[in-house]
Structure formats: C-alpha cells, structure tokens
Amino acid sequence: MNIEETKNHLQGLNPRQIQAVEHFDGPLLIIAGAGTGKTRVITHRIAYLIENLGVLPRNVLALTFTNKAAGEMRDRVIGLIGEHARGILMSTFHSFCNYILRREIGRLGDFTDGYTIYDESDCRSCMKDILKSSGLQASGPFAPARVLELISRAKNFESKPSESLRPSDPLVDYIDNLFDKYEERLKENNALDFDNLMIKTVHLFEHHREVIERYRRRFAFVLVDEFQDTNRVQYRLLTQLAPPDGNVTVVGDMDQSIYGWRGADVGNIVSFESDFKNVTVVPLEQNYRSKQRILDTANELILKNNNIHEKRLWSELGEGEPVNFFLAWDEHDEAQFVTRKTDALLSEGYLLNDVAVLFRTRAQSRVIEEHFMRAAVPYVFIGATEFYKRKEIKDIIAYLRVLHNPRDFVSFARIANEPRRGIGDKSVEKIEAEARRVGSLFDLPDREKELSKDFPKKAFPILKLLKSLASRAGGMSISAFVDAVVRETGYYDALAKEELQEGVSRTENVDEFISLAAEYERGTGKPELEGFLSHLALVSDADVTDTGEDRVRVMTLHSAKGLEFPVVFIMGFEEGLLPHASSQSESEIEEERRLCYVGITRAREHLYVSASRSRMMHGSVGRNDVSRFFFEAGQHHFKVLKQAYGEPAPGESFLDEDESGAAESAAWRGKRGNDVDEFEGCEPDYIEEGDIVLHKAFGRGTVLSMDGGEICVSFPGRGPVRLSAKFAPLRKV
DNA sequence: AAGACGCCGATTTTT
DNA sequence: TCGGCGTCTT
C-alpha cells in the first residue's frame, strides 16, 4: 500500500472516475453513461479497495447480469492486482444465488440441495403438462410461454399474475391457480426456475437471520453492475446484503434500461437513493468511445424521455461525421445499401470485425444475411445459442439431471423413450405417478410383483440402469460418466444408426459435449456432477461475441448492449419496427427510445441508419413511416444519402456537413413560419420520394410517396400528412 | 413412430 | 410469408 500503487489505480482516470474509485465508506451510486468507462471504474475501484485500503478480497462481492460481464471483470481485476483477485466473488446474480442455495436451501424445507435448475424450455414443458392435466388447451391465450411470462412478471413484481391481465382476458380466472400449480410442481420436482433461484434466496435471508448475518459479514463490500437492469427481487437481495449505510456500490444508466419488459425496474435507482443513507452520487459523462456528433444525436434523442437526471455525453475524440441516413425502396434495397457500404468501408481499410449491423427484431436478420451471403461478406449472427439447444445435447443433460435428481420428471419425460424403448406417453405418466407416490424414480421397487399390475414392464430395464448409473456417478470423472451414460443407455448407438440418413453431426455434438465436460473438470477445483449441471444451466455459452474470426456482427439491438464498434448500421429505422408496433404506452415508447439510444451509442466513428419505404411483413407488403426517433434526434444531425453507395452527389444532400449549423437555424426559422418568402417558389416537379422538404407550417419532413397530385410527407411528431403537390407550401431543402 | 398437412402466430431474451 | 407445432394418417 504505497504511493506508487495508489498512483497505479487512479492513473489515467478523470476526476469523476477518481472520485468513484476512491470513495470508501457508505453507499455509492455511479451514473455511468454509455462509453464512460464504467467497467474501468468498477475494476479500478475493486483494485483500489483491496490494494490501497486493505480490504480483503473475500469480503468483496461483485454482481453482474451476464457471465460475460463477470468474466471480463474478473480478467481485468486480475490484470490490475494479480492472482489474489481470485478471492473476490464475481458472479452473476443467479450464480450467486445458486452458490448460496446449494449450501443453505435445506433450511427452507421445500427443496434439497441437488435441485435442478429449469431453463425456459423446461418450464414450458412443465406448464404444458399442467395445462393439459387441467383440461386447458395449451395454445392461444393459454400458450405456455404466455402463462409463464405472466407468472414471471408476477414473481418479479411480487404481485398476483391475474393483476396484470384485463378482466376480460380468458386466462384471468385460471392464471392464479396455474401459478400455484406450477410452483407446486416445481417443488415436487425439486426444481427451481431462474426467478425462483432469486426468490428462494431472498426468502431464505428473510427467514433466517443468522444466515443473512453471516453473509453480510462476509460480503462487506458489494458492487452491482448494470443496476438499471435489476428487478425488485434483486433489489431486495441487495438491501438484505447491505445495510442502509453499507459499503454498496451500484453502477447504472437508466437511459440504457431496455429490459423493463422482463421485470427490470429503473425505479430501483430512485429507491436506492432513498432507501440507503447518505448516498454519494457520481455521474460519469465523459465518453471515451464515440465521436461528438454521434453523441449529440444520442443526447438529443434521449432528451425526449421524461428523465429525472438529465445527462449529456461528451467526448474529446473529435466531431466526426454526421449520422448517415438512407431511405431505401424496399428491404432488399436497404440490405444492398448496407452490403455495398460495408464493402466500401473494407476497401477503406476497416476490418469486418469493425462493423456491426443492428436491428430491432430477429426476423429482420434474414434479408441482410441473404445479401451478405450473396456478396460473400463473412458475417456472424450473434445471439443464436445453437449448441445447448440441440436435441441431443438437451437429451444428455436430461439424463444427467435425472441421475442427479430422480424427482426431475420434466427431464425424465424427455429421456424415458429416448432412444426408443417402447415407453410411450401413457407409460411415462404411470411411472411418474408411481414414482411420485413412493418418493422418486430411485425409490421404485426393482421387482415387478411389488408394483401394481398395470405398471409398464418395459420400464424396468431403464429404471434399473438409471439407478445403477447414479450409484456409480461419484466414482468417476464427469466426462467418463457422461460417456458411460450415452453408451449404456444406448443413446450413442441409436445416434450412430441414424448417421447414415441424418448426417454426421449429431454424434460429433455428443463427443463435443463430452470434451466440454472434460474441460469443465480441468477448470474446476472439485468437479462434481452438481456443479457441472449448474454450470450448464447458468453459465452456458450464450454470450460469445468473439468468434476469433474476422466477421461482420449481425445482431438485435438488445444483443448489442455493452458492445462497441467503429462502424454501426441500424436497419429498419421505421415506425412499427423502432419503436416496435407492439409498444403503445408512453413508457413502452420510452423503452424503445432507450433501445434506439443504446444502438446509436454503440458506434465509435461511423453510424448508418436506414429505413425502407416498403417491406414485406407477415406475408404482405407494408409501408412504414420513418421512425419518429429520426425526427426526435434532430434531423440536422443526419446526412441523408441518396445512393446506395458512395457519397451523395453535390447538392443532393439536404445538409452539407459544414453547413449543419446554418441549415439548422434555417429549419427553425422555417418551422416558426418567419421566413414566408422561402416557400414562394415551390416547384413540386423537383420533389421526389425520399426528399427532405420544408413545409410552411409543419416544418421539415420526409417525402414518403408521390401519387399523382398527392404527396405524402412524414413530419416529426405528426406522422404522415397527405398534401396537394401543387398547392402545399413545400420547399425542397 | 415417422411423414404429411394444416393452423396459428409473428418483440426484445442477460439467467 | 414462413416456420414451428400439433394432429392425423399410414
């Protein structure tokens, strides 16, 4: 703890960042705008606490949302203070809860350690089952996914699911009951879903003072990343871990809150300031990522949200060029624009890796992927979590789960007849009922005569085999065990037989899974099946953005959060897509606006925003207006490109880079109607679709279509207006 | 138990 | 329009 080290951990930080790093006692709220060096501040703060203030690594807990964020944080802290950073617990909320519950869940009475963690598809199977046995048709308003979403909402908002439904909804009379049944079923299966991992931990802490006291002492320093994404339950967990005057640091940016629909509650930022005592607030506004004009655009857009704290990002990276805007004829034209522009950038010296293509919905990826493929532009879609969703992988995991938790009937149903052994749905039901009666699958008698006569006899071999495998689990390595499972159950053979018709990849996947197990063993101190299963459920490979290869990244705006690229394309900048048509309320629109903000602030140097006049949606051609966000962000921030590639021809751009200021004030004059004369020489013949025009009363707008004598212009905040081309007081800008 | 057919639905998805 | 899923058929 000498001066040199002090210097190290504060070096290269701006005054605000230093304030955040040096803060010692009491709650700290860091409001970290996009690209303001948030991770840097957190990691330096952790390093500073440990090396300069003498805090013990084991007393520090850092919570994140993604494994990727946790991993990055760990790597960077290790880079700062070396290996003793390993003593710090840096994990996701869910992994942290799993860490606690594996030790303490027995105290709750309802579950035993060895519980299974259900992912979304497990929960869906479970709910489908419940719906079926309740005599409800599992589709339409009763779609398992819908029911589960409502249940999840209720759990995260600590309310009843029926409360978020309209009284006329067909589900309303059933949902609360389905909720109870679902929870009951999870309990019977000794399984927890992701929500319950959090909720049970909070319950545990609430009802067992001695436990929470222990962990409070242990984790005297708590840090939370992406605080704007926490839900109510996670917030409660935080208040349990840290007393009101505790050493708790939260870092967040409400402008980047894009998971409200999943229960994230920005209100937690407000609550934090009131629930904790003497909160120090440190805002970070200096951006180290983007050129100023990109930030100006983002700043102006987010101003339209009704925020308590106004924030203005600024950078010293230079002005840069305006945001480019391209209005395409249709989605193919738009994709071609992106493809050609990408090509042009490559010949300018950019790498494929420098480029990201973002859009609102996954469905939009298809067109751009087609065009990239045709043009031989190497790309990768980020967000497809292929491997773990493969049938054969899920099957093997189901085997492992049953072997570890013989009450996991969701997994048992999956593998009972996989490979085929003549055990149909009816048989599975009977086995399950009987197993529930006696306790678990392993408590079923081995001998036929001890069971009722209609118990499916075909089940004996597999039940016996499962019991035998389970008894041997502890005696060998995980990878050897997985190998034994796929061989002895006949799974591997069945796949091998299939190979001839199906192709080669499925056994390869199984082999890869086995080496994955081996890799887990190598990387873990005391490898056990339980830990491996937790790892599979919580640390799956969802967030691989680094493919190691040079490729354009194609992804949704949501997946882009936390990333940055020298060149960013945002496609489908249209009403109905961004904001999405299903976002109606003001708060939903605000979230869409934040999503747009997140997209814009991903760009370091160049940002290309595009919209299309027409696009195929749900099987028919639709026309969308240019997004309101285009107008809200300030049209003067954009340079409108008229061609799919290259720069606009002289005079074609409605705004020359150098004249933006002048053009802006002209626009404002026009809007206020002071400059009447400017409209005198309206020559509709010169106006074409896509032009930016100035209207005497409405101000600037974009020409959407020209139809005979009628011209349709989209004005900011007003939407499309039909005007007479002849008489409308319009002037091309 | 696998293939054909018809129907429904269609935002985003850290764990 | 398209694809995933459930049901019906063989």
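The values are calculated or read from the model by the stated rules, or taken from the named source; none is laboratory data. Treat the numbers as computed from the prediction; the structure is a model and nothing was measured. Every residue, glycine as well, gets a Cβ built from its backbone with ideal geometry; the counts of neighbours run over all protein chains shown.
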**Prompt:** So which residues in region A:147-157 are in contact (Cβ under 8 Å) with a residue 24 or more places away in the chain and either out of contact with any Gly (no Cβ under 9 Å at 6 or more places or on another chain) or not basic (Lys, Arg) (or both), if there are any at all?
**Reply:** A:VAL147, A:LEU148, A:LEU150, A:ILE151, A:SER152, A:ALA154, A:ASN156, A:PHE157
**Item:** Residues located in region A:440-460, provided they are within 23 Å of A:LYS132 (Cα to Cα) and either out of contact with any Phe, Trp or Tyr (no Cβ under 7 Å at 6 or more places or on another chain) or charged (D, E, K, R) (or both)
**Value:** A:SER440, A:ASP454, A:PHE455, A:PRO456
**Message:** Anything in region A:563-594 that is aliphatic (A, V, I, L, M) and closer than 21 Å to A:ALA328 by Cβ? List them, or say none.
**Reply:** A:VAL567, A:VAL568, A:ILE570, A:MET571, A:LEU577, A:LEU578, A:ALA581
**Residue among A:PRO161, A:PRO144, A:PRO167, A:PRO244 that alone is out of contact with any Ser or Thr (no Cβ under 7 Å at 6 or more places or on another chain) and in contact (Cβ under 8 Å) with a residue 60 or more places away in the chain** = A:PRO244
**Message:** Criterion first (more than 16 Å from DNA strand B (Cβ to nearest atom) and either modelled with pLDDT of 95 or more or surrounded by 15 or more Cβ atoms within 10 Å (Cβ to Cβ) (or both)) does A:SER610 satisfy it?
**Reply:** yes
**Request:** Among what's in region A:125-145 and is within 11 Å of DNA strand C (Cβ to nearest atom) and of a type in the set (Ser, Thr, Tyr), pick the residue that is nearest to the chain's Cα centre (by Cα).
**Result:** A:SER125
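Per-residue answers, yes or no, for (1) among the acidic types (Asp, Glu); (2) touching a helix residue (DSSP H, G or I) at 6+ places or on another chain (Cβ under 9 Å):
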{"position": "A:ALA154", "(1), (2)": "no, yes"}
{"position": "A:PRO167", "(1), (2)": "no, no"}
{"position": "A:ILE175", "(1), (2)": "no, yes"}
{"position": "A:ASN189", "(1), (2)": "no, yes"}
{"position": "A:HIS203", "(1), (2)": "no, yes"}
{"position": "A:LEU238", "(1), (2)": "no, yes"}
{"position": "A:ASP245", "(1), (2)": "yes, no"}
**Hits in region A:301-346 (condition: over 25 Å from the mean Cα position of the chain (by Cα) and within 16 Å of A:SER627 (Cα to Cα))** = A:VAL323, A:ASN324, A:PHE325, A:PHE326, A:LEU327, A:ALA328, A:TRP329, A:ASP330, A:GLU331, A:GLU334
**A:ILE589, sole failed condition from (1) crowded, with 18+ Cβ neighbours inside 10 Å; (2) within 14 Å of DNA strand B (Cβ to nearest atom); (3) outside any loop (DSSP other than H, G, I, E, B)** = (1)
**Message:** For A:SER162, only one of the following conditions fails: (1) within 13 Å of DNA strand B (Cβ to nearest atom); (2) assigned to a helix (DSSP H, G or I); (3) surrounded by fewer than 21 Cβ atoms within 10 Å (Cβ to Cβ). What is its number?
**Reply:** (1)
**Fill in**
Note: among A:ALA70, A:ALA34, just one is surrounded by fewer than 24 Cβ atoms within 10 Å (Cβ to Cβ) and not in a strand (DSSP E or B), namely A:ALA70
**Prompt:** Which residues, counting only those in region A:354-366, are closer than 14 Å to A:PHE569 by Cα, within 16 Å of DNA strand B (Cβ to nearest atom) and part of a helix (DSSP H, G or I)?
**Reply:** A:GLN364, A:SER365
**Request:** Keeping to region A:88-129, report how many residues are farther than 23 Å from A:TYR182 by Cα, within 10 Å of DNA strand B (Cβ to nearest atom) and in contact with a Ser or Thr (Cβ under 6 Å, 6 or more places away or on another chain).
**Result:** 1
**Complete:** Taking region A:92-137 and keeping residues in contact (Cβ under 8 Å) with a residue 60 or more places away in the chain and of a type in the set (Val, Ile, Thr) leaves A:THR92, A:ILE100, A:ILE105, A:THR112, A:THR116, A:ILE117
**Message:** Taking the criterion of being surrounded by fewer than 20 Cβ atoms within 10 Å (Cβ to Cβ), within 13 Å of DNA strand B (Cβ to nearest atom) and not in a helix (DSSP H, G or I), would at least one residue in region A:390-409 satisfy it?
**Reply:** no
